[in-house]
Structures are given as structure tokens and as C-alpha cells.
Protein chains: 2
Amino acid sequence: MVGKHCILELYGCDQYKLNDEAFVRTSLTAASKIAGAKLLNMITHRFQPQGITGLALLAESHISIHTWPESRYAAIDVFTCGNQTMPEKACNLLAREFGAKSNLLKSFIRDTPHHMEDLTRNP
Amino acid sequence: MVGKHCILELYGCDQYKLNDEAFVRTSLTAASKIAGAKLLNMITHRFQPQGITGLALLAESHISIHTWPESRYAAIDVFTCGNQTMPEKACNLLAREFGAKSNLLKSFIRDTPHHMEDLTRNP
């Protein structure tokens with residue numbers, strides 16, 4: 001089990017998309033799929049006067065998004081476990097979907113115990 | 001708006017607590033409270049043959065936990081926004097609750113746009 005974690009900041013996004021709860025849900029679903037992950041559950045919340053949070057529970061860990069439409073900004077995490085997932089693809093899709101003018105992506109490997117590399121489990 | 005993100009690895013935890021979905025939910029609730037955050041929603045999932053994922057949606061961002069009881073390991077994120085929250089307190093509580101023999105904590109400030117510092121919003 002290798003845990004790859006991507007920390008993604010999106011700048012200059014489309015304000016309307018950042019404040020559209022249905023669009024956020026659709027984007028999280030698409031991001032899960034393109035990452036090669038299995039989406040098991042999702043919750044979203046719309047803040048007042050604006051802003052959305054979305055949390056996607058994956059068989060392979062999670063994707064989170066927090067949006068600030070007034071700043072055209074979104075803070076995203078894509079954390080996936082296993083050698084078959086591609087979290088960077090999810091990051092690229094989300095940057096494109098929200099129309100980000102620029103982004104900052106930091107990726108790292110989680111410090112999992114060494115003997116976990118061969119572990120598997122089912123949803 | 002300042003976004004503080006804690007990446008926490010817990011090692012040598014209590015296997016039974018790591019596989020107890022109700023205990024995970026109670027711990028996430030307590031962690032939200034001690035961090036000074038408002039818990040708005042939570043989802044958990046129990047894997048087969050073992051392992052739990054829990055995602056807590058906060059007014060101030062999120063807490064996530066993924067457990068591997070067979071490795072006595074948990075991967076945790078505590079991401080909180082605003083100057084009033086204390087994500088490190090949530091990390092300390094979770095390490096204690098799961099009986100971690102050791103842990104690895106990395107904290108960093110998210111790269112939010114500078115003009116966001118004074119933004120506030122309501123659940």
C-alpha cells in the first residue's frame with residue numbers, strides 16, 4: 001500500500017462553478033473516475049453567503065474540495081492508496097473543470113509502515 | 001483566512017479501536033470540538049476484512065481518517081481555516097484516543113490568496 005497525497009491550490013477559477021454545489025459533486029465524481037478510484041460516498045455543504053465544501057469517500061482514501069468563489073480560489077486534496085491510482089489526473093481534471101488560471105500542486109508519499117505495501121482490501 | 005493543514009501518521013495504535021466505526025465517529029466529533037471547529041456532517045465506511053475511513057465536514061474545512069488495523073496504522077488530515085482553530089489539538093487528541101505508540105506530524109500553511117485573510121462566512 002503506497003499512499004500518494006496531492007495538495008492542490010487553484011487560483012483564478014470560474015466564480016459561478018465554484019459556487020455551484022451540483023457542479024462540485026459532478027466534478028468530484030469525474031475526478032474519482034479519472035484517478036482510477038472507486039467513489040463510495042460523498043457529502044457537500046453550501047456556505048452563506050457563498051462557498052462549497054465537498055468530501056468524496058473513496059475505496060482508496062478521499063478527495064476534498066473547499067471553495068471561496070469571492071476569491072476565485074479552491075483548496076483541494078487528493079489522497080489515494082494503491083499502485084493503480086493516478087491522483088495527479090484528478091488534479092488536472094479539477095483545475096480544468098473549474099477554469100483555474102493558475103495552480104500550485106504539491107505531491108508526496110505518505111509515511112505508511114513498510115509492511116503495508118502488499119495489503120489489499122475491499123469496499 | 002489562514003488555512004492550517006496537519007498531516008498526521010499514527011503508528012502502533014490499538015487495533016480494536018482502529019476497526020471500531022462508532023469509536024472513529026466519536027473520536028472525530030471530539031477532535032472537531034477540541035480544535036475549536038464546528039462539525040457540520042460526517043460519513044464513515046467500514047472496509048472488508050477490516051479498516052475504517054471517516055470524513056468530517058467542518059465549517060472550517062475537514063478532518064479525515066483512514067485506518068489499517070492490521071498494521072496498527074492511521075493516516076489523518078486536519079485542515080482548518082481561520083485564526084480561532086487549533087488543528088494540532090485535534091491531532092494530539094486523536095493520537096491519544098487511538099493509543100498510538102508513535103506518530104509523525106507535519107504542519108503547513110495552505111497557499112491561500114493574500115486578500116482572503118479577512119474573509120468570514122457562515123455555515
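Phi-derived couplings, Karplus 6.51 cos²θ - 1.76 cosθ + 1.60 at θ = phi - 60°, listed residue by residue for segment A:100-115: 5, 6, 8, 8, 10, 10, 10, 10, 8, 9, 5, 7, 7, x, 4, 6 Hz, with x used for Gly and Pro. Sort segment B:1-44 into rounded, prolate or oblate with this rule: let a ≥ b ≥ c be the square roots of the eigenvalues of the Cα gyration tensor; rounded if a/c is under 1.5, and if a/c is not under 1.5, prolate when a/b is larger than b/c, oblate otherwise. Here segment B:1-44 falls in the oblate category.
Summed over both chains, the contact between B and A buries some 4000 Å² of accessible surface at a probe radius of 1.4 Å.
Once the 1.4 Å probe is applied to the protein heavy atoms, segment A:3-112 comes out at 38 Å² accessible per residue. The A:I109 and B:E70 beta-carbon pair, evaluated with R₀ = 25 Å, returns a calculated FRET efficiency of approximately 0.80. For segment A:61-110, the alpha carbon positions stretch 36, 16, 15 Å along the principal axes, listed from largest to smallest. Legend: residues in segment B:83-123 shielded by at least 20 square angstrom of accessible surface upon adding the remaining protein chains to the isolated chain (1.4 Å probe, heavy atoms) are B:K106, B:F108, B:R110, B:D111, B:P113, B:H115, B:M116, B:L119, B:R121, B:N122, B:P123.
The P(r) of chain B has a tail past 25 Å containing 21 percent of all C-alpha pairs. Extending 7 Å from Cα along the Cβ direction at A:V2 and again at A:N83 yields two label points whose distance is 0.8 nm. Copy B relates to copy A by a rotation, and the B residue whose beta-carbon is nearest that axis, with the distance in whole angstrom, is B:L55, 2.
Pairs exceeding 29 Å between alpha-carbon atoms, taken from A:K106/B:K89; A:K38/B:K89; B:K17/B:K106; A:K17/B:K38; A:K17/A:K89: A:K38/B:K89. Surface composition of segment B:1-112: carbon and sulfur make up 50 percent of the accessible area, probe 1.4 Å. When A:K101 is represented by a point 7 angstrom out along its Cα-to-C-beta vector, the spacings to that point in the other copies are 5.3 nm, nearest first. Relative contact order of segment B:3-108: 42 percent, from C-alpha pairs under 8 Å at least 6 residues apart in sequence.
Between helix A:21-34 and chain A there is an angle of about 30 degrees, using the helix long axis and the longest principal axis of the Cα atoms. The mean number of Cβ atoms from other chains found within 10 Å of a Cβ in peptide B:25-34 is 0, as a whole number. The peptide list A:89-98, A:37-46, put in order of mean Cβ contacts within 10 Å with the highest first, becomes A:89-98, A:37-46.
The phi-based Karplus calculation (6.51 cos²θ - 1.76 cosθ + 1.60; θ = phi - 60°) puts the 3J(HN,Hα) values of segment A:84-93 at 9, 9, 10, x, 4, 5, 5, 4, 4, 4 Hz, whole numbers, x for Gly and Pro. Of interest is the spacing of the C-alpha centroids, which for segment A:13-92 and segment B:1-29 amounts to 21 Å.
The values are calculated or read from the model by the stated rules, or taken from the named source; none is laboratory data. Fair warning: this is a prediction, and the values are worked out from it, not measured in the lab. Using ideal geometry, Cβ is built from the backbone for each residue, glycine included, and neighbour counts are taken over all protein chains shown. Note: areas computed on protein heavy atoms with side chains; ligands, DNA, RNA excluded. Shrake-Rupley method; radii C 1.70, N 1.55, O 1.52, S 1.80 Å.
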